[in-house]
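Data first, discussion second: the structure below is written as structure tokens.
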């Protein structure tokens with residue numbers, strides 16, 4: 001009996017040992033790799049994105065117009081900011097209400113449970129915010145506004161996820177929507193009950209809920225150090241509630257100068273990451289939450305070039321790469337043709353005179369725009385300040401912030417277009433050098449407007465420009481006819497955008513809103529005979545930008561060669577050059593523009609004499625005044641040393657003549673061009689500017 005029991009015991013021991021050995025073998029062989037991977041995972045560091053650095057925007061002399069600068073942001077963890085979100089409290093309350101163990105409890109009892117769970121955290125948060133107002137010298141209201149915006153952003157992200165999850169769970173086709181408001185409305189359609197919808201949003205967990213978020217941008221270094229000293233070791237629960245994050249801030253060193261050209265960078269409201277590991281190729285160009293991207297102007301148009309490409313790496317605790325890293329690519333610089341000092345000086349001229357208007361200066365040989373001024377302006381560095389942002393972004397005028405009066409707004413050119421009308425008539429052979437036309441009211445052979453005829457008498461083409469005779473140019477339009485006049489105006493760039501851009505970059509309307517201007521009546525595809533009369537004197541259907549006005553003068557200065565102007569030096573713009581008239585024909589027009597300025601009866605003579613900017617052997621000014629609802633002036637200056645610039649100018653002043661208002665302003669601008677080396681140094685003191 002004893003031996004039998006011993007044998008059974010031995011057999012049981014053998015069986016147990018067999019099971020243990022088999023289990024050990026299974027663990028070592030079958031599960032060994034799993035446990036090894038788990039162990040190795042503990043020696044891995046989280047994968048890291050390597051941020052790129054945005055490229056700079058530079059002027060023609062490599063002065064920084066938009067650059068990245070080190071700054072410090074004050075950040076709060078979402079576990080703190082959520083305590084100030086009513087939606088968080090409502091969700092927690094709803095969760096308690098749905099728990100079986102709380103069945104039958106009153107609303108007040110549920111509130112007591114919430115108070116017990118989160119009350120102390122809320123009181124700690126209140127103390128933190130109160131202390132931060134002193135440390136940062138910022139009012140409490142500003143913190144609450146930032147917290148409110150942050151909570152809204154995270155709630156929107158949760159809503160996006162909740163909608164997707166709801167569609168997947170209910171076997172519904174998920175349809176992507178173009179914007180957050182359309183997503184909100186669609187989710188409301190899918191889940192009409194407000195409480196249920198809020199509950200579905202509240203229970204979603206997203207990465208941003210476990211992160212710190214900026215609530216105060218660009219605090220000073222002293223403030224950053226004080227906050228770090230107080231909160232570097234501070235904890236609320238398991239999180240650090242307050243932190244300082246060093247960031248790269250977009251800075252515009254010249255403030256409001258060239259603001260309509262440079263544009264602005266704005267935040268990305270949602271993350272575009274796919275979430276794959278390792279990242280998909282598209283993730284390297286995707287925007288992360290709160291990334292900055294070009295919103296309009298050069299910042300927007302050249303976004304792919306300026307922003308660069310972020311990198312990625314995944315290392316173990318010893319610093320070895322687990323997966324092959326992806327190197328970052330720094331953003332490239334964009335170089336403009338603009339001389340920011342000339343831009344600044346001309347802007348200050350407008351502001352000193354309290355003028356609203358625009359001015360464009362073109363280097364004639366290259367077509368480079370050296371200045372493109374639009375006044376009034378605003379400071380790009382304070383653009384997002386609440387008060388400024390509200391003033392600039394008028395909901396009744398959404399294009400206000402990017403309204404560049406030099407290229408975006410249409411103006412009737414008035415008599416500044418007459419030199420080009422004469423050039424067209426000469427090129428068509430319907431006008432001839434030395435031919436005279438008599439200007440007299442009794443010779444008016446059309447009905448209606450224009451009616452005013454000044455009885456200039458017999459005028460050749462030079463005198464017609466000098467006197468700015470409407471009758472003469474109306475007669476030219478009759479000879480050309482509407483079709484040929486329209487074709488000519490189109491040939492010289494009227495009725496189309498003329499700025500040249502690098503290949504692959506185009507002026508989308510949201511980038512610059514460069515206007516084409518108009519050649520024809522809105523309701524017709526063909527210019528009528530009456531409209532052709534008005535167009536010949538720069539009125540009626542014909543309008544365009546001040547850039548058009550300046551480029552007309554540049555075309556004549558090149559002796560009849562049209563060149564696409566550009567504001568970009570690098571990358572290389574695709575400029576087009578077309579001869580539209582002969583040298584002889586252009587020189588005939590030049591004689592008339594000379595007398596506008598230099599003949600005693602010229603409409604701009606008083607603005608430039610007797611104190612001339614240059615002696616004739618140094619440089620000569622050729623111009624044309626214009627008077628519509630505003631004052632206009634166009635001109636070009638040829639210097640003996642080969643320098644040549646063209647200018648288009650408008651002052652928005654009612655009932656102001658081009659000769660009385662715009663021409664004197666042009667004289668000051670030309671003197672500035674001389675001060676900065678684009679023309680010879682002027683002989684007459686105009687005003688003082690610091691170009692250092």
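The values are calculated or read from the model by the stated rules, or taken from the named source; none is laboratory data. Note that this is a predicted model, so its numbers are computed, not measured. Here Cβ is always computed from backbone atoms with ideal geometry, including for glycine, and neighbour counts include all displayed protein chains.
Selection of region 341-357 for residues being crowded, with 21+ Cβ neighbours inside 10 Å and touching a strand residue (DSSP E or B) at 6+ places or on another chain (Cβ under 8 Å) yields 342, 343, 346, 347, 350, 355, 357.
Quick check, is residue 324 part of a helix (DSSP H, G or I) and surrounded by fewer than 18 Cβ atoms within 10 Å (Cβ to Cβ)? No, not satisfied. Those strands (runs of 3 or more DSSP E) of region 590-677 in which at least 1 residues are at pLDDT below 95, considering only elements entirely within it, cover 619-627.
Yes/no per residue for (1) closer than 24 Å to residue 179 by Cβ; (2) under 20 Å from the mean Cα position of the chain (by Cα); (3) not in a strand (DSSP E or B):
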| residue | (1), (2), (3) |
| --- | --- |
| 276 | no, no, yes |
| 286 | yes, yes, yes |
| 295 | yes, yes, no |
| 319 | no, no, yes |
| 352 | no, no, yes |
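A single entry from 588, 555 fulfils the requirement of being under 25 Å from residue 649 (Cβ atoms) and touching a strand residue (DSSP E or B) at 6+ places or on another chain (Cβ under 9 Å): 555. Hey, does region 484-493 have a residue that's touching a residue at least 60 places away in the same chain (Cβ under 8 Å) and within 30 Å of residue 303 (Cα to Cα)? Yes, region 484-493 has at least one match. Could we say that residue 242 is at pLDDT below 85 and buried (at least 16 other Cβ atoms within 10 Å of the Cβ) here? Criteria not met by residue 242. Annotation for region 221-228: at least one member residue is without any contact (Cβ under 8 Å) to a residue 60 or more places away in the chain and in contact with a strand residue (DSSP E or B) (Cβ under 8 Å, 6 or more places away or on another chain). When each of 449, 378 is tested for being in a loop (DSSP other than H, G, I, E, B), touching a residue at least 12 places away in the same chain (Cβ under 8 Å), surrounded by fewer than 22 Cβ atoms within 10 Å (Cβ to Cβ) and within 42 Å of the chain's Cα centre (by Cα), the lone residue that passes is 378.
Filtering region 423-444 to residues that are surrounded by 13 or more Cβ atoms within 10 Å (Cβ to Cβ) and part of a helix (DSSP H, G or I) leaves 423, 424, 425, 426, 427, 428. In region 122-150, of all residues being in contact with a helix residue (DSSP H, G or I) (Cβ under 6 Å, 6 or more places away or on another chain) and touching a residue at least 60 places away in the same chain (Cβ under 8 Å), the one that is surrounded by the fewest Cβ atoms within 10 Å (Cβ to Cβ) corresponds to 135. Is it the case that region 158-168 has a residue that's farther than 30 Å from residue 130 by Cα, modelled with pLDDT of 90 or more and exposed (fewer than 13 other Cβ atoms within 10 Å of the Cβ)? The answer is yes, given that some residue of region 158-168 is farther than 30 Å from residue 130 by Cα, modelled with pLDDT of 90 or more and exposed (fewer than 13 other Cβ atoms within 10 Å of the Cβ).
Quick grid of which residues meet (1) out of contact with any strand residue (DSSP E or B) (no Cβ under 7 Å at 6 or more places or on another chain); (2) at pLDDT 95 or above; (3) in the same structural domain as residue 444 (by TED's automatic domain parsing):
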residue	(1), (2), (3)
467	no, no, yes
491	yes, no, yes
518	no, no, yes
570	no, yes, yes
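Of all residue pairs spaced 6 or more apart or on separate chains, those with beta-carbon atoms under 7 Å, a first member in region 422-446 that is over 24 Å from residue 492 (Cα atoms) and a second member that is in a helix (DSSP H, G or I) are 437/472; 437/475; 439/471; 439/472; 446/533.
Is there a residue in region 87-99 that is more than 14 Å from residue 202 (Cβ to Cβ) and surrounded by fewer than 15 Cβ atoms within 10 Å (Cβ to Cβ)? Yes, region 87-99 has at least one match. Within region 606-618, one or more residues are on the phi < 0 side of the Ramachandran plot and in contact with a strand residue (DSSP E or B) (Cβ under 7 Å, 6 or more places away or on another chain).
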